[in-house]
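Worksheet for the structure shown next.
Since every read-out is calculated from the coordinates, none of them should be taken as a lab result. Please read all numbers here as calculations on a predicted model, not as lab measurements. Neighbour counts are summed over all protein chains in view; Cβ atoms, including those assigned to glycine, are modelled from backbone coordinates with ideal geometry.
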Amino acid sequence: MKLLKTLILASILMTGLNLICFNPDGIIWLLECSRVSAQELTGLKISGYGTLSATTHDRSDIHPVRDVSQAPENRFKTNFSAVMDSRLGLQAHYRFSSNLDAVVQGVLRDQSYITFNNSLELAYIAYRPSSWLELRAGRFGYDAFLMSDTRNLGYAYSWVRPPNEFYGWVPVFHTDGADATLRIDGDDSQWRLRVQAGEQAFKFALADSEYDAETESLQTLSLSRQSGPLTLKAGYSAFSLKNEMNIFIPLHEGLNQIADATASFFPEISSEARYLRDNTAFKGTDITYLTLGASYDDGQWIAQAELAHSTSNTEILSHGTMGYAALGYRIGDFTPYFIFSATRAGNDIRKSIADWSIIEAAELQETVINIINTTRMDQETLSFGVRWDFHNQAALKLQLDSIHINSFGYGLWFAKPITIDNDSSMSLGTISLEVMF
């Protein structure tokens, strides 16, 4: 049924790639760029891309996801997935003049709940009053990371997917609001400063339920420099969550009651109950990202690395330090590569402090602590793969991942409860066909 909905939605969405031959991030779109200049791109252009992928792994108690917004249904019925990396993008780009554009972009991919709204990736008007300034309003890409523009566009990078340890925990793909981009050309470099402000809504699964997250005060600042084959980028982003997860509301009420009832006779229990209540709250949670990235591509060697640190004022949301490094080498139509990526949790493993069995609430205490520990991310992955460009608009990729997950570090997985207090290893194999049209 979900596949049928996806196919129906595909017929009415018009989205995909920004029709830009070159931008200061060093991204080169291979769609008609060799044949036309920016001035000639007037009127309506339709294009798109797709990824058809198959993934298999060797575990029955945990299941991988590309990002935490994916759907948990049916994950444990088989060790095979055709939806983890598969996606379809279609685009409509209308250029009114050399300084005014409209872009609509959408991506059909596995999500907890597929709707027209959360499949619509871009829908904005861009105005360039000068060659160095661009203003956009509407829905545009969330520009906090090096691969922000290409997370869904598998043809644009050599590996099967953006490294999970760095990108899998970020469910924010776009922003609804306005942004401004300042471009400065140096003697041998191009600089780009971008400021974004707005909000976003997204869904992800937690504790056998879905959370309809709504952000407020979403702000992003990024600075990039492109010179020859080298691109550098730094980013800062911050936002707050303005709504609570519905299934947590009665949980918080119970914790508040325990905190009030035990304040006089069992202050240690009262203090822990208030702490657990505050650190399982989504509403009012503040999140920040600090990122640094670099990529190098001289036509033969490919190298890319990013490092990020995220903070949160509650333990329920994943945060910490993450990064990756990738290296590839083109040999004709083939590009072998390897990637090392890792993430370390920003909060310690939560353990019980007081004895709640005195008030016959030890089971509730354990449940809340397990919820907090379930979201921690602590793992590393070593990946090897090869990309084969057998056509100028199609490529085949094969990638093998060796993954180690540390105990209470399963925030990037759908895992059965009995698993999370143990270390785990997984071997993951993926084959993907990437096309542009």
Query raised in the report: What is the packing order of peptides 139-147, 269-277, 284-292, taking the mean over residues of other C-beta atoms within 10 Å and listing the highest first?
Result: 139-147, 269-277, 284-292
Query raised in the report: Which value in nm describes the separation of the simple spin-label points at residue 435 and residue 404, placed 7 Å from the Cα toward the beta carbon?
Result: 4.1 nm
Report task. Work out, step by step, the length gained on full extension between residue 178 and residue 271: first 0.36 nm times the residue separation, then minus their alpha carbon distance; give nm to one decimal. Result -> 29.2 nm
Report summary line: Charge dipole of the chain built from unit charges on the beta carbon (Lys, Arg +1; Asp, Glu -1), centred at mean Cα; most positive-end Cα among 217, 390, 341 is 390
Report summary line: Taking the alpha-carbon centre of each part, the distance from the stretch 81-97 to the stretch 194-257 in Å is 23 Å
Report task. Check cross-link reach from residue 77 to the aspartates and glutamates: straight Cα distance under 17 Å, and skip same-chain residues fewer than eight apart. Result -> 58, 61, 110, 208
Report summary line: The answer for the net charge of residues other than residue 131 whose Cβ lies under 12 angstrom from its Cβ, with Lys and Arg +1 and Asp and Glu -1, is 0
**Report entry** Around residue 344: net Lys/Arg minus Asp/Glu count, Cβ-Cβ under 11 Å
**Finding:** -2
Query raised in the report: Working out 0.36 nm times the residue gap between residue 367 and residue 290, then minus their Cα-Cα distance, what length gain in nm do you get to one decimal?
Result: 24.5 nm
